[in-house]
Amino acid sequence: MSLLVTDAGLLTTVQDRGRPGWAHLGVPRAGALDGPAAALANRLVGNPVSAALLEATLGGLRFRAERACLLAVTGASCRVDVGGRPAPWGAAFSVRAGTEVALGPASDGARCYVAVRGGIAVPPVLGSRSTDTLSWVGPPVVTRGTRLPLGAPSGDGPADVVMTAAPYRRRELLLHLGPRADWVADPGSLDGATYRVGTDSDRVGLRLDGPVVRRARSGELLSEGIVLGAVQLPPSGLPLVFLHDHPTTGGYPVIAVVDEADLPVCAQARPGEELVLRLR
């Protein structure tokens, strides 16, 4: 049995914990941008945290369940309707076979996660069911008419989880300077600097618009490896934070790396919102 997508919204993809370990072949890690929110959704329906689920950017996803199932929606806050009636956000709920589930627009945050008991059972590629929007490894982007197969339930059963404030409601990013901080004329100027999230941000990277960071030297580097959360400084002087679909190498200096705990803040930052940088 499966889910039949009737409206995929702005961008909906299948994601799990990604495929780290393939960077030497030029394959990005992919995976859910907001890992804690995705893990929580899976726990709510009793899946292993590694189970594949749906990541819907800014909400707007609609689908029909072709079998009775248990679902949960986490991440960005949004209205959830089942058969035209409200269902809880951040908690497990049952859906009868043939019923349509609809996510309204995200009202707080950028990415919603929909977990189904049993997980989304698309074929894995290189050990993961994640869609990579840079090199297009994994399943294609979800579109209207897509049928998503469901797996058999496994795990310990639904968890009794108490919702707490999500970390993305913070508006600060903690940075660790380096490895190329010496390319910045005044690294201390990053501490407390405020940037606005660019409209061209995506799963590859978060583009920041604000104070121009002055370089201490001219020229460019040979291409080097890129890690998740790397803050790259292109010639424009406006920082770019690389997210899960980032390229595996790059030639612009990486002046800092976002603390791992703040990656969900990047995942849920909406275009136009302001973020304050802090140095550890």
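The values are calculated or read from the model by the stated rules, or taken from the named source; none is laboratory data. Nothing here was measured: the structure is a model prediction, and the numbers come from that model. Quick reminder, even Gly has a Cβ in these numbers, built from the backbone with ideal geometry, and neighbours come from all protein chains shown.
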Scan of the stretch 166-199 for residues that are assigned to a loop (DSSP other than H, G, I, E, B) and either modelled with pLDDT of 95 or more or among the basic types (K, R) (or both), ordered by number: R170, R171, P179, R180, A185, D186, D191, G192, A193, G198, T199
Yes/no for G251 being small (G, A, S) and either closer than 18 Å to V197 by Cα or in the same structural domain as L33 (by TED's automatic domain parsing) (or both): no
Close pairs (9 angstrom Cβ cut-off, 6 or more residues apart or separate chains): without any contact (Cβ under 8 Å) to a residue 40 or more places away in the chain in the stretch 62-85, of a type in the set (S, T, N, Q) and not in a strand (DSSP E or B) anywhere: A68/T99; S77/S107; C78/S107; R79/S107; V82/T99; G83/T99
Checklist (1) surrounded by fewer than 17 Cβ atoms within 10 Å (Cβ to Cβ); (2) not in a loop (DSSP other than H, G, I, E, B) applied to S218, failing item: (2)
Subset tally (residues that are hydroxyl-bearing (S, T, Y), under 20 Å from R215 (Cβ atoms) and touching an Asp or Glu at 6+ places or on another chain (Cβ under 9 Å)) for the stretch 169-202: 1
Residue under evaluation S77, criteria (1) within 19 Å of G109 (Cβ to Cβ); (2) in contact with a strand residue (DSSP E or B) (Cβ under 6 Å, 6 or more places away or on another chain); (3) among the small types (G, A, S); (4) crowded, with 21+ Cβ neighbours inside 10 Å, criterion not met: (4)
Residues of the stretch 247-271 that turn out to be assigned to a loop (DSSP other than H, G, I, E, B) and touching a strand residue (DSSP E or B) at 6+ places or on another chain (Cβ under 6 Å), as a count: 5
Total residues in the stretch 108-165, condition more than 21 Å from L11 (Cβ to Cβ), surrounded by 14 or more Cβ atoms within 10 Å (Cβ to Cβ) and at pLDDT below 95: 5
